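Novice: One structure follows; several queries about it will come next.
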Amino acid sequence: MMPNLLPPVLPPAAALPEASAPAISLADWLNHMTEDEFYVFCQRNAELKFERRADGTIEFLSMTGGTTGRRNSELLTGLTIWNCQGRMGKMFNSSTGFRLPNGAVRSPDMAWVRADRWGALTAKQQERFPLLCPDFMVEMASPSDSLTNLTPKLLEYIANGCRLAWLIDPKTETTRIFRADGSVSVVKSFAETLSGEDVLPSFSFNLSALR
């Protein structure tokens, strides 16, 4: 069942359909919002979390449980400490929506953007959904997540300009690493340490912290 949602704006009287016009469902209307309407819609329903596909379809995301939230925090803290040392870019948490070049609005569990790319945005673009794809991002699978559903999202990030992406599955202690050249490698143990490679120079993360 669709939750009780607050629309972004009420349409002007001139835009209301005539009585004889075909009825439009709430779902159809939501999926055809403009970019500005979708941003305001998200602000008015801040207790919920959404993503938007390139075709405009809205996806409802669930809140994480305590264990997944702790794992996200462990990795985000490590990334933030690394970033504070070199100030090479900007860190973002899971509440940030990015508008990708293909038109989708995605909100990874954590993301990093090079300082020069962030600085090239206008103040308004930074305030709303930034008009770029992160250079680095992470998705942490929750117990209810399916890798079959998450993998296409990682591939979408890479196709839209992401240079390095991690898909971490604590249930199997497996990490899939996606790169800009199209290669995908698999790390099959949380006893391993991940590298930021040439995207996050000198950054490393010991996966055992996620156990």
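Residue-wise test of (1) in contact (Cβ under 8 Å) with a residue 24 or more places away in the chain; (2) of a type in the set (S, T, Y); (3) buried (at least 18 other Cβ atoms within 10 Å of the Cβ).
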position: S144; (1), (2), (3): yes, yes, no
position: T148; (1), (2), (3): no, yes, no
position: Y157; (1), (2), (3): yes, yes, yes
position: L167; (1), (2), (3): yes, no, yes
position: A180; (1), (2), (3): no, no, no
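Novice: Looking at this structure, is W118 in contact with a strand residue (DSSP E or B) (Cβ under 7 Å, 6 or more places away or on another chain), of a type in the set (A, V, I, L, M, F, W, C), at pLDDT 95 or above and under 15 Å from R99 (Cα atoms)? I'd like the intermediate steps shown before the answer.
Specialist: Numbers: in contact with a strand residue (DSSP E or B) (Cβ under 7 Å, 6 or more places away or on another chain): yes; of a type in the set (A, V, I, L, M, F, W, C): yes; at pLDDT 95 or above: yes; under 15 Å from R99 (Cα atoms): yes.
For W118, the condition - in contact with a strand residue (DSSP E or B) (Cβ under 7 Å, 6 or more places away or on another chain), of a type in the set (A, V, I, L, M, F, W, C), at pLDDT 95 or above and under 15 Å from R99 (Cα atoms) - is met.
Novice: Given the criteria among the basic types (K, R), within 19 Å of the chain's Cα centre (by Cα), within 24 Å of R70 (Cβ to Cβ) and open to solvent by less than 30 Å² (accessible area, probe 1.4 Å), does R176 qualify?
Specialist: Details: among the basic types (K, R): yes; within 19 Å of the chain's Cα centre (by Cα): yes; within 24 Å of R70 (Cβ to Cβ): yes; open to solvent by less than 30 Å² (accessible area, probe 1.4 Å): no.
Spelling it out, it is not the case that R176 is among the basic types (K, R), within 19 Å of the chain's Cα centre (by Cα), within 24 Å of R70 (Cβ to Cβ) and open to solvent by less than 30 Å² (accessible area, probe 1.4 Å).
Novice: Still on this structure: Which one of T57, T64 is within 20 Å of L210 (Cβ to Cβ) and of a type in the set (V, I, T)? Steps first, please.
Specialist: Numbers: T57 fails: within 20 Å of L210 (Cβ to Cβ).
Exactly one residue qualifies, and that residue is T64.
Novice: Against the condition within 11 Å of the chain's Cα centre (by Cα) and open to solvent by 40 Å² or more (accessible area, probe 1.4 Å), how does N102 come out, does it pass? Before the answer, list the steps.
Specialist: Details: within 11 Å of the chain's Cα centre (by Cα): no; open to solvent by 40 Å² or more (accessible area, probe 1.4 Å): yes.
No: the conditions fail for N102.
Novice: Going through the stretch 47-73 one residue at a time, which ones are open to solvent by 80 Å² or more (accessible area, probe 1.4 Å) and either out of contact with any Asp or Glu (no Cβ under 7 Å at 6 or more places or on another chain) or modelled with pLDDT under 90 (or both)?
Specialist: Step one: list which residues in the stretch 47-73 are open to solvent by 80 Å² or more (accessible area, probe 1.4 Å), which gives 47, 53, 55, 60, 62-63, 70.
Passing the criteria: E47, D55, F60, S62, M63, R70.
The values are calculated or read from the model by the stated rules, or taken from the named source; none is laboratory data. What you are looking at is a predicted structure, and each value in this text was computed from that prediction instead of being measured. Every residue, glycine among them, receives a Cβ derived from its backbone with ideal geometry; neighbour counts consider all protein chains shown. For accessibility, only protein heavy atoms count, side chains too; no ligands or nucleic acids. Shrake-Rupley method; radii C 1.70, N 1.55, O 1.52, S 1.80 Å.
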